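Chemist: Sharing a structure below in structure tokens format, with a few things to ask.
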Amino acid sequence: MSSLVASKKQTTAEHSVSRPALLLDWYDHHRRRLPWRAAAGERADPYRVWLSEIMLQQTGVKTVGPYFEKFLARWPDVASLGRASQDDVLRMWAGLGYYSRARNLHACAVAVLRDHGGVFPDTEEGLRKLPGIGPYTAAAIGAIAFDIRTMPVDGNIERVVSRLFAVDEPLPQGKPRIQELAATLLGESRAGDEKSRAGDSAQALMDLGSSICTPKKPACALCPLNDDCVARARGDQETFPRKAPKKTGTLRRGAAFIVTRGDELLVRSRAEKGLLGGMTEVPGSEWLAGQDDKIALKQAPALRGIERWHRKAGVVTHVFTHFPLELVVYTAQVAARTRAPQDMRWVPIATLADEALPNVMRKAIAHGLDI
């Protein structure tokens with residue numbers, strides 16, 4: 001073996017040891033204070049870890065914070081959440097988006113209470129058997145709450161690792177390689193401490209990606225791993241992670257019908273399965289590509305006393321994960337004793353905040369009622 005090859009192998013081995021140590025040292029001095037995160041040296045609460053991880057899927061920390069506190073005040077442990085109704089959980093979740101998470105959250109709490117006596121399984125395998133918990137969430141709970149030596153890879157960690165090692169393979173194809181490399185950053189236990197610090201290593205990478213290794217203009221000078229970052233050395237760190245071109249869904253169009261009876265609004269519940277399942281909505285047409293306004297208007301709810309619908313100027317726009325949406329809004333008023341059509345109901349406008357209304361419906365109602 002040449003001296004050059006031996007030197008490179010020795011450098012690689014030193015890096016594999018020093019990177020986790022540097023990362024943990026940085027984390028010990030700069031860790032974020034988050035409502036779901038245990039203080040240094042304290043054991044994390046699996047319920048808080050799980051609740052936060054579900055909420056943080058597709059949603060930022062600043063948005064999640066108030067919702068997390070609200071949930072915790074209402075349901076302080078998984079047993080109390082498991083005894084709640086799904087409708088109550090959906091109402092509390094309203095505004096966070098991606099509502100299948102709320103349904104899975106409730107189903108998971110029910111399963112933990114029913115099948116595990118209100119105690120989360122302490123293995124990745126056991127966690128993955130629960131509703132709504134996939135490989136990433138199981139690894140995150142396992143590492144942070146139970147010190148399992150595993151590395152969850154979220155968007156922040158993906159970005160840090162792809163830059164540190166200059167992973168040129170675009171996402172999602174590059175995910176397995178990034179996962180493999182991320183595992184090399186797991187820290188060892190402190191002297192005299194039996195804990196693996198796997199959770200601290202994961203949270204350190206999350207914090208690093210959030211505060212320093214940001215998508216744009218990363219603060220490389222402050223990064224504990226900057227001397228060892230391949231992308232930084234090349235000067236192209238902002239180009240990582242590589243991503244395949246994003247496909248934009250076809251625009252869909254539809255109509256929303258805002259019907260008032262005095263100070264009440266006509267609403268209904270969406271089907272349990274599918275987009276926005278179980279959420280509250282105003283009556284509306286199908287959402288279709290190339291939807292014709294006249295055809296959409298024919299899908300208006302049938303109520304006595306409505307001779308014509310008033311179309312509001314403008315449209316309501318909303319972007320879902322797979323498609324953008326435009327809604328034309330029609331309004332009408334009916335007499336005080338008008339009965340709601342089948343599977344619909346009247347609710348006081350003053351109590352709409354208590355309804356499980358997704359953001360697109362809040363926009364439609366605000367547009368229709370001029371509020």
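Chemist: Just for the range 29-55: of the residues that are out of contact with any Asp or Glu (no Cβ under 8 Å at 6 or more places or on another chain), in a helix (DSSP H, G or I) and over 18 Å from Ser80 (Cβ atoms), which one is most open to solvent (accessible area, probe 1.4 Å)?
Modeler: Looking at the filtered set, the residue picked out is His29.
Chemist: Can you find even one residue in the range 234-250 that is aliphatic (A, V, I, L, M) and under 19 Å from Pro358 (Cβ atoms)?
Modeler: no
Chemist: Which ones in the range 65-103 are under 14 Å from the mean Cα position of the chain (by Cα), within 19 Å of Gly274 (Cα to Cα) and assigned to a helix (DSSP H, G or I)?
Modeler: Listed by number, the residues that qualify are Trp93, Ser100, Arg101, Ala102, Arg103.
Chemist: Something else now. Can you name every one of the helices (runs of 4 or more DSSP H) wholly within the range 155-254 that holds 1 or more residues which are closer than 20 Å to Arg19 by Cβ and in contact with an Asp or Glu (Cβ under 8 Å, 6 or more places away or on another chain)?
Modeler: Of the helices (runs of 4 or more DSSP H) lying wholly inside the range 155-254, those with at least 1 residues that are closer than 20 Å to Arg19 by Cβ and in contact with an Asp or Glu (Cβ under 8 Å, 6 or more places away or on another chain) span 155-164, 175-182, 198-211.
Chemist: Among the residues of the range 286-308, which ones are of a type in the set (A, V, I, L, M) and part of a loop (DSSP other than H, G, I, E, B)?
Modeler: Of everything in the range 286-308, those that are of a type in the set (A, V, I, L, M) and part of a loop (DSSP other than H, G, I, E, B) turn out to be Ala289, Ala300, Ala302, Leu303, Ile306.
Chemist: Yes or no: the range 155-167 includes at least one residue that is at pLDDT 95 or above, out of contact with any strand residue (DSSP E or B) (no Cβ under 7 Å at 6 or more places or on another chain), open to solvent by less than 20 Å² (accessible area, probe 1.4 Å) and within 13 Å of Trp50 (Cβ to Cβ).
Modeler: No, the range 155-167 contains no residue that is at pLDDT 95 or above, out of contact with any strand residue (DSSP E or B) (no Cβ under 7 Å at 6 or more places or on another chain), open to solvent by less than 20 Å² (accessible area, probe 1.4 Å) and within 13 Å of Trp50 (Cβ to Cβ).
Chemist: Mind listing whichever residues of the range 111-131 are over 21 Å from Ser201 (Cα atoms), of a type outside the set (D, E, K, R) and either touching a Leu at 6+ places or on another chain (Cβ under 6 Å) or part of a helix (DSSP H, G or I) (or both)?
Modeler: Ala111, Val112, Leu113, His116, Pro121, Gly126
Chemist: For a quick check of your reading of the model, give me the residue pairs whose first member lies in the range 60-73 and is free of Cβ contacts under 8 Å to residues at least 24 places away in the same chain, whose second is of a type in the set (A, V, I, L, M, F, W, C) and surrounded by fewer than 18 Cβ atoms within 10 Å (Cβ to Cβ), with beta-carbon atoms closer than 7 Å and at least 6 apart or on different chains.
Modeler: So the pair list comes out empty.
Chemist: Right, something else. Which of the residues spanning the range 344-360 are open to solvent by 40 Å² or more (accessible area, probe 1.4 Å) and under 12 Å from Gly95 (Cβ atoms)?
Modeler: Ala353, Asn359
Chemist: Is there any pair with a first residue in the range 236-260 that is farther than 18 Å from Trp309 by Cα and open to solvent by 20 Å² or more (accessible area, probe 1.4 Å) and a second that is part of a helix (DSSP H, G or I) and modelled with pLDDT of 95 or more whose Cβ atoms are under 7 Å apart and which are 6 or more apart or on different chains, and what are they?
Modeler: Once the first residue is farther than 18 Å from Trp309 by Cα and open to solvent by 20 Å² or more (accessible area, probe 1.4 Å) and sits in the range 236-260, its partners that are part of a helix (DSSP H, G or I) and modelled with pLDDT of 95 or more give Gln237/Arg163; Gln237/Cys220; Gln237/Ala231; Pro241/Glu158; Pro241/Arg159; Pro241/Ser162.
Chemist: OK, next. Can you find even one residue in the range 262-285 that is at pLDDT below 95, among the basic types (Lys, Arg) and in a strand (DSSP E or B)?
Modeler: no
Chemist: While we're here: On the given criteria, is Asp193 modelled with pLDDT under 95, out of contact with any helix residue (DSSP H, G or I) (no Cβ under 9 Å at 6 or more places or on another chain) and not hydroxyl-bearing (Ser, Thr, Tyr)?
Modeler: Yes; evaluated as a whole, the condition is true for this residue.
Let's see how each residue does on (1) loosely packed, with under 11 Cβ neighbours inside 10 Å; (2) under 33 Å from the mean Cα position of the chain (by Cα):
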| residue | (1), (2) |
| --- | --- |
| Lys294 | yes, no |
| Arg308 | yes, no |
| Thr331 | no, no |
| Arg362 | no, yes |
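Chemist: Okay, moving on. Every residue in the range 60-85 that is open to solvent by 20 Å² or more (accessible area, probe 1.4 Å), of a type outside the set (Gly, Ala, Ser) and either closer than 22 Å to Thr321 by Cβ or modelled with pLDDT under 95 (or both), please.
Modeler: Listed by number, the residues that qualify are Val61, Lys62, Thr63, Tyr67.
The values are calculated or read from the model by the stated rules, or taken from the named source; none is laboratory data. Since this is a predicted model, take the numbers as computed values, not measurements. Glycine gets a Cβ as well: all are built from the backbone with ideal geometry, and neighbour counts include every protein chain shown. In case anyone asks, the SASA skips ligands and DNA or RNA and just uses the protein heavy atoms, side chains included. Shrake-Rupley method; radii C 1.70, N 1.55, O 1.52, S 1.80 Å.
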